[in-house]
1. Just to check your reading of the model, which residue among 111, 75 is over 15 Å from residue 202 (Cβ atoms) and modelled with pLDDT under 95?
2. Does residue 11 meet the test of being modelled with pLDDT of 95 or more and more than 19 Å from the chain's Cα centre (by Cα)?
3. In region 87-107, how many residues are in contact with a helix residue (DSSP H, G or I) (Cβ under 9 Å, 6 or more places away or on another chain) and not hydrophobic (A, V, I, L, M, F, W, C)?
4. So which pairs qualify, if the first residue must be in region 48-65 and farther than 16 Å from residue 96 by Cα, the second must be surrounded by 12 or more Cβ atoms within 10 Å (Cβ to Cβ) and hydroxyl-bearing (Ser, Thr, Tyr), the Cβ gap must be under 7 Å, and the two must be at least 6 apart or on different chains?
5. Test residue 150 against the criterion of being at positive phi and at pLDDT below 90, and give yes or no.
6. Looking at 96, 44, 57, 20, can you tell me which residue is at pLDDT 95 or above, crowded, with 23+ Cβ neighbours inside 10 Å and farther than 21 Å from residue 223 by Cβ?
7. Could you tell me which residue of region 181-223 is surrounded by the most Cβ atoms within 10 Å (Cβ to Cβ), considering only residues that are closer than 22 Å to residue 168 by Cβ and of a type in the set (S, T, N, Q)?
8. Please work out if residue 125 is part of a helix (DSSP H, G or I), more than 25 Å from residue 36 (Cβ to Cβ) and modelled with pLDDT of 95 or more.
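The values are calculated or read from the model by the stated rules, or taken from the named source; none is laboratory data. Source: prediction; values computed, not measured. Ideal geometry is used to build each Cβ from the backbone, glycine not excepted, and the neighbour counts take in all protein chains shown.
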Amino acid sequence: MKSEIGVPPSASARRLIVTADDVGLDEGMTAGAIKAHRDGIVTACSLVANGRAFDDAVARLRDVPSLEVGVHLALVDYVEFVLVRRGVNVEHELRAQIERVLATGLRVTHLNGHQHLHGVPAVFRVVRRLAGEYGIRYIRTPRDRGGRAGLARSLAVRALGMLTPRGANDRTIGIAEAGHLKAERLIALLDHVDGVTELVTHPGLNVSGYGHWRYEWDAETAALCDPRVREAISARGIALVRPSSVRRAKGEG
């Protein structure tokens with residue numbers, strides 16, 4: 001396993017977590033995350049508890065204990081997810097998703113949300129409360145930097161980052177260019193790493209569903225495994241770490 005590189009975390013002011021999202025939605029997404037961990041820079045993955053390939057993902061992840069697992073909380077099927085008082089029991093749903101992953105015996109080290117909807121303040125408060133209850137120390141703050149995207153997506157990503165309360169990381173990179181990251185862009189985004197930064201990625205191998213997303217899963221997997229990216233991380237003195245290494249619990253209370 002080659003994931004922890006660069007300089008020791010204790011000696012670096014810049015630490016980078018690299019997370020593969022959407023594990024368990026499709027077998028190909030899980031396969032891509034594992035390859036990008038074994039052969040590339042991915043240090044963590046986010047598992048969708050209600051994904052159609054959940055059981056396959058759990059079986060595969062048990063064989064890769066060095067790849068840290070988090071819960072990719074999914075609320076996108078709940079049209080009124082923001083309107084908690086109108087009857088959507090967000091806490092009940094999120095608790096069920098966390099407990100389903102915990103019931104597999106996998107160690108859960110972090111939480112984030114599908115389409116980053118956990119960043120909506122009302123939802124974030126619930127997520128933070130549940131994280132404390134289950135002893136999960138890391139919650140992603142989707143405050144993206146350096147991304148290139150169309151105007152609508154750029155504004156949406158920026159607005160969500162401004163709304164989101166402080167979590168465990170200082171900033172994110174990669175969100176604006178989800179599913180379209182090439183090696184050259186990954187290297188350029190490293191200039192925005194500061195403090196605890198999370199690179200959000202979407203690797204995949206022969207993904208059979210979700211074609212309407214128009215993600216370039218295989219190309220992103222190849223980019224994450226490109227030795228030039230690893231060399232650039234090391235050359236910049238960035239420590240490549242896992243969520244469990246982040247000891248500060250920011251934004252508590």
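1. 75
2. No, not satisfied.
3. So the count comes out to 7.
4. Every condition considered, the pairs that remain are 53/30; 56/30; 57/30; 58/104; 60/30.
5. no
6. From the options 96, 44, 57, 20, the qualifying one is 57.
7. 201
8. So residue 125 does not fit the description; no.
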